[in-house]
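Some notes on the structure that comes next.
The values are calculated or read from the model by the stated rules, or taken from the named source; none is laboratory data. Computed from a predicted model, the values in this text were never measured in an experiment. Note that we place each Cβ from the backbone using ideal geometry, even for glycine, and neighbour counts take in every protein chain shown. Keep in mind that these areas ignore ligands, DNA and RNA; they rest on the heavy atoms of the full protein, side chains included. Shrake-Rupley method; radii C 1.70, N 1.55, O 1.52, S 1.80 Å.
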Amino acid sequence: MRAGDVLLLWGWRANATAFLAGGLFALGLPPLDLFFFGFLALPILVLLLDGATTDDPSQGAGGRFRKGFVRGWWFGTGYFLVSLWWVATSFLVDGGLLLLLLPFAMVLLPMGLALFTGLGCGLASIAWHEGPQRLLLLAGALGATEWLRGNVLTGFPWNLYGMPAMMHPLGMQSSSVLGIYGVTVVALFVFAAPVLLIEPRRQPVLSSKSFDRRRFWVGSFALILALAHIGFGAWRLATTEITYQPNVALRVVQPNLNQVDKWKPELADEHFQSYLKLSDRATSPQTIGALSFTHIIWPETAFPFLLTERPDALVALADLIPDETVLLTGANRLERSADEETASRVYNSIYAINGSGEIIAAQDKVRLVPFGEYIPFAQFLDIFGLSPIAANDFGFAAGAVRNVMSLPGTPALLPLICYEIIFPNARAQSAETGRPEWILNVTNDAWFGATPGPHQHLRHAQIRAASDGLPVVRAANTGISAVIDPLGRITHRLPLGEAGTLDSALPQPVASPLTPLGQKDHTDADDLKPWLLSSSFILICLIVIFCLLGGMRRLR
């Protein structure tokens, strides 16, 4: 099919093509990482928007927005359906009434997320005009709506459109300067640039006509951005020395417990014993020589019971943990109410436990997973008799604030539970410690089995490491557990679906253009300051304003 044929598509054929192009773009995500499909998918979207935004003056801004929105929505639906289908597998674990939510996860979730893509394409279509500048307009508009997707309501910045450009640590380094949203804008522009070579031309590319000169310079700008993106990554990887924290030795435990069996009461003691055996040097592999472990790390919700109500378990932990060692583990934390009218609360937390079996620190999860850890609009569901779903029997309460953990003999750490690591503004601040020196990410991806989900989750952790210049230590129940250096490179990992231990030293943080060493990390409140919100969002606004001013001329 030629470029002119795509431009002339209409009706369901245009929508189907947009849907397929979005699905094609999603192949650039883990585990396939076929990023080059982006150079086909984005030009198709541009040509479809060309066809939707005709020169008919009677169409008006509303008509142009509607047509651009529809084609963008179909593109986004294809992208999110192909990249997020695996979310539905979590509802197959427990079955029952939760199966009623499977259509939401499988179909409605992609369709809902695609509204942001439709909004971006619709806004771009209002000021869409002939010429290569429309590529900047589309990249800026979609970048802005991707930022909205990551922040509106609960926010869900999973699989941003810039991720295919960050498939390797070489492409992750730009996020330390632009942030993930800035890289998304650049990636969208570069991926769309090949349309300049295939779109119907009125003049030769090097013609003296201004239209073609603009095409040449915009195409050259895209090439320069692509080379700068890769060149900066190569330079940072080659010139940044990675050092390791002195006297810190980690043991990450991956028990590989099946989610179906994880919470069965009759298997609770057996599962606990499996953790103890994997953590004990006498009953597990030894790969750090004679150095004793200073930190043992267990994944999210490791205990199949409430630890504070099992004194025998605390005694067993005291027997396991040496005096100079700290256990960092996911656990459910119960906060009992002081009166009968107030319900008790359960938190998804991280505990720090010393060699005496004492819980010396705790951090609650602040960002909960909608429909996984809590049910939005639970009262509305109860009206329709779906109270069992609304109650969910395992609903969590959200933590009030995220703090830097400062423990004896432990570099200050930022605790992030499960998908909290995908949020660039998931930060913490301590007046005593300032910027954390590493990120601890505990998770349980057993809900999603051997699907793309765990691979995508790991990629987000890598990008977060490179963006912040902080090492990430990741403990996952079924995998993929890993130690990631502050440039996003995986130094140690455990395969998906295998039980085992991962022994490693802890890398030290590196200087980052946005958070240089010694600078105190900013809090969530500080993110409201325009220049701290991220340089990427400023870049998005500038591009949108520039292109809108140019595009408004054709609306006169």
- Message: Expected output is a single nm value to one decimal: the length gained when fully extending between residue 13 and residue 227, i.e. 0.36 nm times separation in residues minus the C-alpha distance. What is it?
- Response: 73.5 nm
- Task: Roll a 1.4 Å probe over the protein chains and send me the accessible area per residue for region 95-197 in Å².
- Result: 27 Å²
- Query: Using the Karplus equation 6.51 cos²θ - 1.76 cosθ + 1.60 (θ = phi - 60°), what ³J(HN,Hα) coupling, rounded to whole Hz, does each residue of region 31-44 give in order, writing x for Gly and Pro?
  - Reply: x, 6, 6, 8, 4, 5, 5, x, 6, 9, 5, 5, x, 4
- Convert each backbone phi in region 212-220 into a coupling constant with the Karplus relation 6.51 cos²θ - 1.76 cosθ + 1.60 (shift: θ = phi - 60°), then list the ³J(HN,Hα) values in order as whole Hz, x for Gly and Pro. 7, 5, 4, 4, 5, 6, 5, x, 5
- Note on the structure: Toy charge model, Lys and Arg Cβ at +1, Asp and Glu Cβ at -1: region 306-365 dipole around Cα centroid in debye, rounded to 20, equals 240 debye
- Query: Which distance in nm do the two modelled labels at residue 401 and residue 152 give, with both placed 7 Å along the Cα-to-Cβ direction?
  - Reply: 3.1 nm
- For region 1-93, which whole-number percentage of the solvent-accessible area (1.4 Å probe, protein heavy atoms only) is attributable to carbon and sulfur atoms? 71 percent
- Query: Ranked from highest to lowest mean number of other Cβ atoms within 10 Å per residue, what is the order of the peptides 309-318, 172-181?
  - Reply: 172-181, 309-318
- Length gained if residue 450 through residue 33 is fully extended, taking 0.36 nm per residue and subtracting the Cα-Cα distance, is 148.5 nm
- Query: HN-Hα J couplings of region 256-268 from phi, Karplus 6.51/-1.76/1.60, θ = phi - 60°, integer Hz, Gly and Pro as x?
  - Reply: 6, 8, 5, 4, 4, 9, 4, 10, 6, x, 5, 9, 4
- Message: If I stretch the segment between residue 344 and residue 220 completely, what's the gain in nm (0.36 nm per residue apart, minus their alpha carbon distance), one decimal?
- Response: 38.6 nm
- Note on the structure: Counting only protein heavy atoms and leaving out ligands, DNA and RNA, the solvent-accessible surface of residue 199 at a 1.4 Å probe, in Å² to the nearest 10, equals 20 Å²
